[in-house]
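Below: one structure, written as structure tokens.
Computed from the coordinates by the stated procedures, all read-outs in this text should not be read as laboratory data. Here the structure is a predicted model, which is why all the values come from computation and not from measurement. Glycine also receives a Cβ, built like all others from the backbone with ideal geometry; neighbour counts cover every protein chain displayed.
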Amino acid sequence: MSTSVAAPPTKSASPLRTPRKKHNPGKPKRSLLLTGLMALMVLYTVAPLIWLVINSTKTQAGLGASNGLWFAHDFALWDNIRTTFTYHDGIFVRWLLNTLLYVVLGAGGATLLAVLGGYALAKFDFPGKRGIFAVVIGAVAVPGTALAVPTFLMFSKMGLTDTPWAVIIPSLVSPFGLYLMWVFAAEAIPTELLEAARMDGANEVRTFFQVALPLLAPGIVTVLLFTTVATWNNYFLPLIMLKDPDWYPLTLGLSAWNSQAETIGGDVIFNLVITGSLITIIPLIAAFLFLQKYWQSGLAAGSVKE
Amino acid sequence: MTTLQPPAAAEPRPAPPPAKRDRRSWTGWGFIGPFVAVFALVFLAPIAYSIYLSLFRNQLIGGNQFVGLDNYTQALKDDQFWQAVGRVALFLAIQVPIMLGIALLVALALDSGRLYGKSFFRITIFLPYAVPAVVATLMWGFMYGTKYGLVGDINEAFGTSLPDLLSPDWVLASIGNIVTWEFVGYNMLIFYSALRVIPTSLYEAAEIDGAGQWRIISSIKLPAIRGAIVIATIFSIIGSFQLFNEPNILRPLARNAITTDYTPNFYTYSLSFNGQQHNYSATVAIIMGVLTMIVAYAVQLRGMRKGA
């Protein structure tokens with residue numbers, strides 16, 4: 001029954017591309033000057049990343065002895081990678097797994113809550129709906145760090161600090177995700193389709209999973225990607241919540257390695273900081289590149305139209 | 001910047017067609033309930049608790065005592081606090097216009113259809129957004145350094161004496177560069193998405209009327225994406241006021257330039273976690289929150305008025 005009516009989600013996701021193509025074909029002349037200026041911009045964007053790649057091939061000694069923009073004589077990339085993963089009984093692997101845990105539960109949970117909530121706001125009328133929107137949008141304007149100290153004290157009283165929950169629970173709320181899903185669901189799910197499903201006797205849960213969910217796919221990918229970035233890159237929250245390095249995410253671990261050079265007798269391991277940084281950014285950059293078709297269309301649908 | 005939230009909305013899309021009266025029921029709560037519950041726990045409760053904390057003071061004699069607004073009067077007279085506020089205000093007055101200006105130019109260039117390799121540019125310039133602030137700051141911090149960094153290399157190669165970018169005179173600009181690098185592509189994408197929604201028929205009509213590219217940009221494109229610009233501005237302001245990650249991570253490299261009260265956020269953090277002054281820290285955080293909201297609201301009003 002209901003499954004057969006699911007329209008291809010892409011249709012509603014990219015309503016903006018097609019008409020533009022038709023616009024006076026070949027009219028805007030391509031400009032070398034403009035392209036050149038943009039190339040400068042790209043240079044600014046990628047220069048630090050290139051620096052990171054080049055310098056992850058150097059030993060700690062090589063870092064100091066060689067020019068930052070070119071390779072040193074010894075090519076130590078593989079050695080650096082191995083050392084990064086094995087240093088200090090493989091604590092980096094632990095941090096990587098922690099980060100994955102926080103992303104799966106935090107970003108995954110945030111996306112789930114945003115999808116459910118956005119669907120409710122878009123397709124149901126219920127008591128308190130306007131109030132919820134006002135409060136959520138108002139709260140977004142409250143600086144997250146203003147909440148950090150009280151949240152820490154609260155969690156500390158609940159015995160949650162220094163446990164993964166202290167990082168995961170606050171990650172579960174993404175007001176931006178909620179907003180994006182709301183706008184997206186309003187556009188992507190025809191209300192008649194839901195009514196037809198209900199008429200066929202499907203209950204709300206089934207209607208949601210079988211009719212609505214497939215239509216929401218591009219929006220879900222977009223929200224998932226942005227909540228993943230937020231969780232993967234999170235630094236401040238774990239910094240205040242976690243004492244035990246065994247629960248650190250990658251970001252906190254890397255900055256700990258970096259400041260290790262300062263402590264008296266501390267091992268100077270900038271080569272591992274650099275290689276670890278490189279390893280940390282690769283998964284997200286890969287995700288953005290592979291999924292760009294989805295998230296860009298999802299974002300376009302959520303952009304503010306006037 | 002700590003948690004620069006992607007633009008949540010100023011106004012939602014024209015709300016979905018109002019559901020019929022008889023469908024108004026509690027069913028929707030089944031779907032939004034979980035979000036609201038967690039939201040109350042991690043947003044509303046801390047705000048309430050923060051206000052509660054700010055009314056007390058932990059005294060050597062007498063323990064935790066209700067002091068009314070004493071903490072607030074103390075904060076308003078606190079030079080350390082206002083210096084930090086001044087620093088982020090200066091930061092935002094310079095960094096935000098530069099960042100958003102570049103983002104806008106790039107978005108307009110992408111939208112103009114005059115570029116070779118457009119999608120390459122779009123995705124490449126966006127990429128830094130996927131880089132954690134920690135990694136971005138570490139990279140730039142190393143590059144700034146005179147020891148391993150580019151500045152040192154350049155000085156050596158050309159015999160120049162570029163300033164130490166981690167010295168007290170330069171470190172704020174250096175942080176500005178990191179933040180710009182991190183978020184220029186993100187803001188570009190917001191502007192670009194908004195530009196793509198403009199109906200092309202408007203351009204055709206303008207061209208028939210003899211409008212050039214600049215005229216189309218100033219009379220159609222910019223007014224059409226004003227909403228996106230206002231939102232990006234507000235979120236950049238919030239981000240600037242919250243500045244913490246970059247200075248904190250840069251601190252080991254620039255210890256004499258970045259003090260523990262460098263930004264208001266840094267100050268609240270130090271008060272709370274190094275000084276155990278939780279009550280005063282909560283007060284400072286609340287004042288910063290209110291200040292941020294006032295500025296954000298003023299920007300929003302101004303943005304709207306221009307539109308009228």
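I'd like to compare A:90-103, A:156-169, B:290-303, A:224-237: which one has the highest average count of other Cβ atoms within 10 Å, and what's the full order after that?
Working: A:90-103: 18.9, A:156-169: 17.1, B:290-303: 15.1, A:224-237: 23.9.
By packing density, highest mean first, the sequence is A:224-237, A:90-103, A:156-169, B:290-303.
Counting partner chain Cβ atoms within 10 Å of every residue's Cβ in A:44-50, what's the average?
Neighbouring Cβ atoms belonging to other protein chains average 6 per residue here.
Can you list the DSSP H helices in chain B whose Cα atoms extend at least 24 Å along the helix axis and whose mean Kyte-Doolittle hydropathy is 1.0 or higher? Don't skip to the answer; put the middle values down first.
Details: long enough: B:79-111 (47 Å, 1.51); B:171-196 (37 Å, 1.04); B:278-307 (43 Å, 0.72).
Those that pass (Cα extent of 24 Å or more, hydropathy at least 1.0) are B:79-111, B:171-196.
Relative contact order, percent, of chain B when contacts are C-alpha pairs under 8 Å separated by at least 6 residues?
On the way: 313 pairs, mean separation 90.9, N = 308.
In percent, rounded to a whole number, it is 30.
Any idea how far the Cα center of segment A:84-124 sits from the one of segment B:200-248, in Å?
33 Å
Which shape class applies to chain B: rounded if a/c is under 1.5, otherwise prolate when a/b exceeds b/c and oblate if not, where a ≥ b ≥ c are the square roots of the Cα gyration tensor eigenvalues?
Values: a/c = 2.20, a/b = 1.15, b/c = 1.91.
The shape class here is oblate.
For chain A, just say rounded, prolate or oblate: build the C-alpha gyration tensor, square-root its eigenvalues into a ≥ b ≥ c, call rounded for a/c under 1.5, and beyond that prolate if a/b exceeds b/c, oblate if not.
oblate
If you take the square roots of the eigenvalues of the alpha-carbon gyration tensor of segment B:157-293 and sort them as a ≥ b ≥ c, do you get rounded (a/c under 1.5), prolate (a/b over b/c) or oblate?
Since a/c reaches 1.5 but b/c is at least a/b, the shape of segment B:157-293 is classed as oblate.
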